[in-house]
Amino acid sequence: MNQLTRKDLILLALLTLFWGLNWPVMKIGVREFPPLTFRTIGMLGGVLVIWLAARLQGVSLKIPKGEVLTIAKLALPNMLIWHALIIIGVKLLSSGRAAILGYTMPAWAVLSGLIFFGDRINRASLLGIVLAMSGAALLLSSEFQKITGQPMGTLVVLIAAASWGLGTVLMKRSRIDMPVIALTFWMLTMTTMVMAILSVVLEWPQIRFPKPVEWAAILYNAAIIFGFAHVVWFRLARLLPPVASSLSVMFIPVLGTFSGAWLLHETPQWQDYAAILLIVAAMSTVMFRPRSADVSS
């Protein structure tokens, strides 16, 4: 397992903070605004921020010969499916519950490695899968039990998390020779074009000019989430084993839940707290065990 430098640890801490706070920010943005359009505008801003950052750093955005299809294959699970479905899930669920379900992703990463690449799963990773899936099942049953529940929202977020988990594994196994910021730029650019089409086709009657609070949420996503967090995440996803890189940010759903309660006055239920404990326990199966027990691939 590669070691995180001090710089990586600082970036990881900022990533956790920014992504955790973004769950209630996204909820604010899509309360009255069409979700796919919200995501598309934020992505467009993110493309511009990353392009400017690359220019200032003198990084070439040139795509290596024959790698366009590879970039598209990485963008599909890591960007398109994840972002399209997760923003719909945030619209349907509380921001905290969406965050908890979204971060079942590490379990899906392990399963993807097993199913598609024949990775071996040790006991600790298997326990992590069971704990994360138990938390997801608890929240799903809670949504079915509520008269006004949104089980479809739960299922949509779980599919998004599964896609992101597969994308994390593919990112780790990618041997594409280009800077992370350039790879992120092109994945985001491809995704933005598809999202723009989906927004027009599916949300045209609802599209309008954003309100000031919606603009604030869009700008936060453009500059902080797409312009910074995604570049950092893809760096870590390529640097570390899939399970370690994904479970290392499992504090995000905790922050997402409590920031949602603070900013949006959401009231977490006992199922939310139980699911948080289960998923944080899943994190500990990787983060607090001997290095020799890392997943083999």
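Derivation of every value follows stated rules applied to the coordinates shown; laboratory data play no part. No experiment lies behind these values; they were computed from the predicted model shown. In this analysis, Cβ positions are derived from the backbone assuming ideal geometry, glycine residues included, and neighbour counts consider all displayed protein chains.
Here are the numbers for the structure shown:
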{"read-out": "Which listed pairs, of LYS62/LYS172; LYS7/LYS27; LYS73/LYS211; LYS27/LYS211; LYS65/LYS172, have C-alpha distances above 26 Å, in listed order", "value": "LYS7/LYS27; LYS73/LYS211"}
{"read-out": "Only Lys, Arg (+1) and Asp, Glu (-1) charged, at Cβ; segment 26-170 dipole about Cα centre in debye", "value": "180"}
{"read-out": "Semi-axis lengths (Å, descending) of the ellipsoid that matches the C-alpha gyration tensor of segment 6-290", "value": "27, 25, 17"}
{"read-out": "Full-extension gain in nm, MET152 to ARG208, via 0.36 nm per residue minus C-alpha separation", "value": "17.6 nm"}
{"read-out": "Net dipole in debye of the chain [+1 Lys, Arg Cβ; -1 Asp, Glu Cβ; about Cα centre; nearest 20]", "value": "580"}
{"read-out": "Among VAL169, GLY118, LEU158 the positive-end extreme of the charge dipole of segment 116-178 (Cβ point charges)", "value": "GLY118"}
{"read-out": "Förster radius 35 Å - calculated FRET efficiency between LEU17 and ARG175, Cβ distance, rounded to 0.05", "value": "0.65"}
{"read-out": "Helix-only CD estimate at 222 nm, as mean residue ellipticity for the chain, using -39500 (n - 2.57) per DSSP H run (n ≥ 4)", "value": "-24000 deg cm²/dmol"}
{"read-out": "Cβ-Cβ FRET estimate between TRP51 and ILE10, R0 fixed at 22 Å, reported to 0.05", "value": "0.35"}
{"read-out": "Cα→Cβ-extended label distance, 7 Å offset, between HIS265 and ARG31, nm", "value": "0.9"}
{"read-out": "Full-extension gain in nm, ALA274 to VAL59, via 0.36 nm per residue minus C-alpha separation", "value": "72.9 nm"}
{"read-out": "Radius of gyration and maximum dimension Dmax of segment 1-61, Cα, Å", "value": "15.5, 44"}
